[in-house]
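Undergrad: Quick one: this structure, given as structure tokens, is what I'll be asking you about.
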Amino acid sequence: MPIDLSPAPTAVAAGDLKAVEEEDEEVEVEGGGCGGGAVVVAAADAEAEGHPYDFHVSGPRNLPPPNWKEIIRSSWKDPNYKRMVMACFIQAVYLLELDRQDQKGEDDGLAPKWWKPFKYKVTQTLVDERDGSIYGAVLEWDRSSALSDFILIRPSGAPRAVLALRGTLLQKPTMKRDLQDDLRFLVWESLRGSVRYVGALAALKSAVEKFGSTNVCVAGHSLGAGFALQVCKELAKQGVFVECHLFNPPSVSLAMGVRSMSEKASYLWKKVKASLPLKEEATTPLESSKEEAGDKKRLHTEKKWVPHLYVNNSDYICCHYNAPSCPSAADGASDGQQQQRKASEIASDVVAKLFVTSKGPQKFLEAHGLEQWWSDGMELQLALYDSKLINRQLKSIHTTAPVSSPAKS
């Protein structure tokens, strides 16, 4: 209610006096006594500041303004820019689900603010039929929005379509199904039996058929990174290679723990057998190493799918990816030997591009969070080209004969 601060007249009729007294009473109740005006000002400031998940509040800073210069010098050629945009698209999927829970649409929702600055639009949402929750979305280049900023053509390096998949949301409407898939991965180290796997794979195949594999990207965070990895693996088995960005992918499972214990026991047993004087048994480790070398040589001669993984060593969910495939070879090696080994990996052994934060958050919740990946102060190091865990997960790709990949301009 507006408050009139003009001076009161000297003479007031009886009826008018009664009205003024009622107005004074209303003003006193609204103010709430001491500090009533401060509450109004604080509410106005909060509204001006925006929601904590608003793009202008928690989104990336120092974004290059979209204009016609993108045609000449595309920001998409910068790997850091692409990483930041992929993370923003995943955040948009998180917010699509939160907007759905709050019954908000494109006009009043938070999610659209996370894709519109990059000239993209959502053309499909992936909905879990079990609870109606949104777990993914397909975003396509928005040509009409780009033309409004005189961007006549799609900048070089910008994908025509992006499949973005979110992780676990601890909100009642979707928490049950999210945790079911978390447990599925924890026990089996696979998500193939999930409804969301089927939906994500169908959406990816549709995008590849429409735009070609070279014009499509997949991005996922946490549980969504697990889905992204497995649907891209499925296409890679058929010779269809899609660019994939995995943020904080899950690396912990009971199956992996059992397998790791078995591998250690097998390694120790081979060492014991090698130390025995029996010649036949002593040759077993050598034969095994030759077989592994043959597998690697066959892998290197084929065209490879190389995913991009982003991990934080303080995040115990994904830190196991930062383990070399041959730790014994690296232990005790000199700096020169390690550099020589790394150069060899660059030349022939690239299995995955694993980026590790050098100055990332240290607390687990922040280290596993998505916000760190679009932060301005983010410093990444390309840590490993040959990860033991990613080697094992990608091994199945090369057991199937590749099929020619659909490609479109």
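The values are calculated or read from the model by the stated rules, or taken from the named source; none is laboratory data. Source: prediction; values computed, not measured. Neighbour counts are summed over all protein chains in view; Cβ atoms, including those assigned to glycine, are modelled from backbone coordinates with ideal geometry. Heads up: the accessible areas ignore ligands, DNA and RNA and are worked out on the full protein's heavy atoms, side chains in. Shrake-Rupley method; radii C 1.70, N 1.55, O 1.52, S 1.80 Å.
Undergrad: Shape call for region 94-246 from the C-alpha gyration tensor, a ≥ b ≥ c root eigenvalues: rounded (a/c under 1.5), prolate (a/b greater than b/c) or oblate? Can you show the working numbers first?
TA: Working: a/c = 2.48, a/b = 1.23, b/c = 2.02.
Judged from the Cα gyration tensor, region 94-246 comes out oblate (a/c at least 1.5, b/c at or above a/b).
Undergrad: Can you give the accessible area of GLU366, probe radius 1.4 Å, in Å² rounded to 10?
TA: Roll a 1.4 Å probe over it and GLU366 shows about 110 Å².
Undergrad: I would also like to ask the following. Hey, what's the per residue convex hull volume over the C-alpha atoms of region 71-140, in cubic angstrom?
TA: Residue-normalised Cα hull volume stands at 85 Å³.
Undergrad: Would you mind putting 114-126, 57-69, 211-223, 191-203 in packing order, based on average other-beta-carbon counts within 10 Å, highest first?
TA: By packing density, highest mean first, the sequence is 211-223, 114-126, 191-203, 57-69.
Undergrad: Hey, another quick one. Roughly what would the spin-label model give for SER190 and LYS69, points 7 Å off Cα along C-beta, in nm?
TA: A separation of 5.1 nm, rounded to one decimal place.
Undergrad: Can you check what the net charge comes to around TYR120, using other residues whose Cβ is under 9 Å from the Cβ of TYR120 (Lys, Arg +1; Asp, Glu -1)?
TA: +1
Undergrad: Provide Rg and Dmax in Å for region 129-214, with only Cα atoms included in the calculation.
TA: 16.7, 51
Undergrad: On to the next question. Whenever you get a sec, compute what percent of the accessible area on region 144-194 sits on carbon and sulfur atoms (1.4 Å probe).
TA: 61 percent
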